[in-house]
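Chemist: Input: one structure, supplied below.
Nothing in this text is a laboratory measurement; each read-out follows from the coordinates by a stated rule. As the structure is a computational prediction, the values presented were derived from the model and not from experiment. Positions of Cβ are generated from backbone atoms using ideal geometry, with glycine treated the same way; all protein chains shown enter the neighbour counts.
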Amino acid sequence: MSAPFVTTLRSRKSTIHLTDDTANAITIRVEMPEVWDVVAIVVAPSEPVVAVKIRALQALFPEFDHHEDFVVKLRGWEILDEAASLVDAGAIDGSILLLTHRRRRPVR
């Protein structure tokens, strides 16, 4: 099986690994427009969305106070149940998640 297309796109040099089981792992991208940065994450499809969200925030926006102040979107829609697994939320190998502030912020 070939690598997903998203692995060829620009992201940070280091990939975050949230699983040791590479046979069943998927690769996703988490983009955060507020910092104009992207991180690739290798993760088990059964991992909860909230775990991916928190790990991506630690990498992309370490000064965050509460992960509840941010939303995760897949295909333009907010994932409302962040306790659900990635696969239950609709993520597949190569999915791109958008991580952004819950409320719009003024441009400075």
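Chemist: Work out the FRET efficiency for His67 and His17 from their Cβ-Cβ distance, taking R0 = 25 Å, and round it to the nearest 0.05.
Modeler: 0.80
Chemist: Once you put a point 7 Å from the Cα of Glu78 and another 7 Å from the Cα of Trp36, both along the Cβ direction, what distance in nm separates them?
Modeler: Roughly 2.7 nm, to one decimal.
Chemist: What does the charge count around Ala51 come to, taking other residues whose C-beta lies under 14 Å from its C-beta (Lys +1, Arg +1, Asp -1, Glu -1)?
Modeler: Computed value for this residue: -2.
Chemist: Once you treat every alpha carbon in the range 5-101 as an equal point and sum by Debye, what is log10 I(q)/I(0) at q = 0.10, 0.11, 0.14 Å⁻¹?
Modeler: -0.22, -0.27, -0.44
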